[in-house]
Protein chains: 2
Amino acid sequence: MILGVDPGSRKTGFGLINQVGSRLEYIASGVIRVHKEPTMAHRLDLIFSSLVEIIDQYCPQQMAIEEVFMGRGPDAAIKLGQARGAAMIAGTQAKLEVYEYAARKVKQAVAGNGGATKEQVGYMVQSLLKLPGVPQEDAADALAVAACHAYTATGLINIAGASHSRRGRLV
Amino acid sequence: MILGVDPGSRKTGFGLINQVGSRLEYIASGVIRVHKEPTMAHRLDLIFSSLVEIIDQYCPQQMAIEEVFMGRGPDAAIKLGQARGAAMIAGTQAKLEVYEYAARKVKQAVAGNGGATKEQVGYMVQSLLKLPGVPQEDAADALAVAACHAYTATGLINIAGASHSRRGRLV
């Protein structure tokens, strides 16, 4: 089972999928909302604790997380980094290997287009996992990075261009 | 007892001090070096685990951490944020309150000058804590932020200018 995580200092998406042969099976997904916590330390603690709980409950073997590309300022980068740190330690403390995928690679893997919109990613996640509706955006992103890891790790991915075909970077 | 932490993605300084009246007592300090770990996730995990161990051993009640000011690019900010996240969760998981102080305020508190150099901070930390030598730079910074918190939290600090006299921000 693969746990995909889309961390953020306000909302952290998570998604769990199973791989059965070449087919992906949806297990669970959701969003950890921490914006109401009184301090940043409480927010990070809640991200960490919630993911620890999810890992305890579902016992995934691997974790996939989106590589960040920051167009915003250093303050936003620090906050996002803190949330990622919290998420990654939840994984490593449970002895999961943590893999990182560039956003373009995730979109390419699930939507066949590295420049796909949020809507296209949501739609493709729904379709790939045979869901009754489009998941909330952060949950969809988390499921997408989990799916990207499933495809990449098992060589099922079919991406044109050698530069995109390298495996996920173990971070 | 106060645990001061100066996090970084390669080296994380820590310092423990006790406050006895208006006097500060040195307990321990050191540097967690993680640059040899194979992946970023392993580095963060080692920062977290080492701090958890230090907290278990010394049982501090509060944690102080330097507020970051990033002059470098977003990639450095993300990495620093991740290390800070790891450090802060080590504190929150042990139920410590985590306080954040701007670098200028730390320098003002220990060296009487917000623009003090690293060398001046190291020298003042040695002098304040009656140490036989100047601690390694990251350890000195960690001891400095712990000292800053001790002074600030107990109203012992004497800083000219109202804008500097507010208490540490609980993050």
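The figures follow:
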| quantity | calculated |
| --- | --- |
| Answer from A:GLY4, A:GLY8 - the residue that is in contact with a helix residue (DSSP H, G or I) (Cβ under 8 Å, 6 or more places away or on another chain) and modelled with pLDDT of 95 or more | A:GLY4 |
| In the range B:29-68, the residues that are within 10 Å of chain A (Cβ to nearest Cβ), outside any helix (DSSP H, G or I) and charged (D, E, K, R) | B:GLU67 |
| Residue among B:ARG104, B:ARG84 that is surrounded by 15 or more Cβ atoms within 10 Å (Cβ to Cβ), within 21 Å of A:ARG43 (Cα to Cα), of a type in the set (D, E, K, R) and within 17 Å of the chain's Cα centre (by Cα) | B:ARG84 |
| Members of the range A:69-80 that are within 22 Å of A:ALA144 (Cβ to Cβ) and either more than 7 Å from chain B (Cβ to nearest Cβ) or of a type in the set (Asp, Glu) (or both) | A:PHE69, A:GLY71, A:ARG72, A:ALA76 |
| All positions within the range B:136-151 that are under 12 Å from B:TYR26 (Cα atoms) and over 13 Å from the mean Cα position of the chain (by Cα) | none |
| Unmet criterion (only one of (1) under 22 Å from B:ARG23 (Cα atoms); (2) at pLDDT below 95; (3) not in a helix (DSSP H, G or I); (4) not basic (Lys, Arg)) for B:LEU131 | (2) |
| Number of the exception - B:ILE78 against (1) of a type outside the set (Phe, Trp, Tyr); (2) assigned to a helix (DSSP H, G or I); (3) in contact (Cβ under 8 Å) with a residue 24 or more places away in the chain | (3) |
| Every residue from the range A:81-102 that is more than 7 Å from chain B (Cβ to nearest Cβ) and not in a helix (DSSP H, G or I) | A:ALA94, A:LYS95, A:LEU96, A:GLU97, A:TYR99, A:GLU100, A:TYR101, A:ALA102 |
| Residue, farthest from the chain's Cα centre (by Cα), within the range A:60-73, restricted to residues that are surrounded by fewer than 21 Cβ atoms within 10 Å (Cβ to Cβ) and more than 21 Å from A:GLU137 (Cβ to Cβ) | A:GLY73 |
| Residue satisfying all of: in the range B:4-40; of a type in the set (Lys, Arg) and surrounded by fewer than 18 Cβ atoms within 10 Å (Cβ to Cβ); nearest to B:CYS59 (Cα to Cα) among these | B:ARG23 |
| Leading residue by the ranking (surrounded by the most Cβ atoms within 10 Å (Cβ to Cβ)) among those in the range A:41-59 that are in contact with a strand residue (DSSP E or B) (Cβ under 8 Å, 6 or more places away or on another chain) and either basic (Lys, Arg) or within 29 Å of B:TYR99 (Cβ to Cβ) (or both) | A:ILE47 |
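The values are calculated or read from the model by the stated rules, or taken from the named source; none is laboratory data. Quick caveat: nothing in here was measured; it's all calculated off a predicted structure. Don't worry about glycine lacking a Cβ; one is built from the backbone with ideal geometry, like all the others, and counts go over all protein chains shown.
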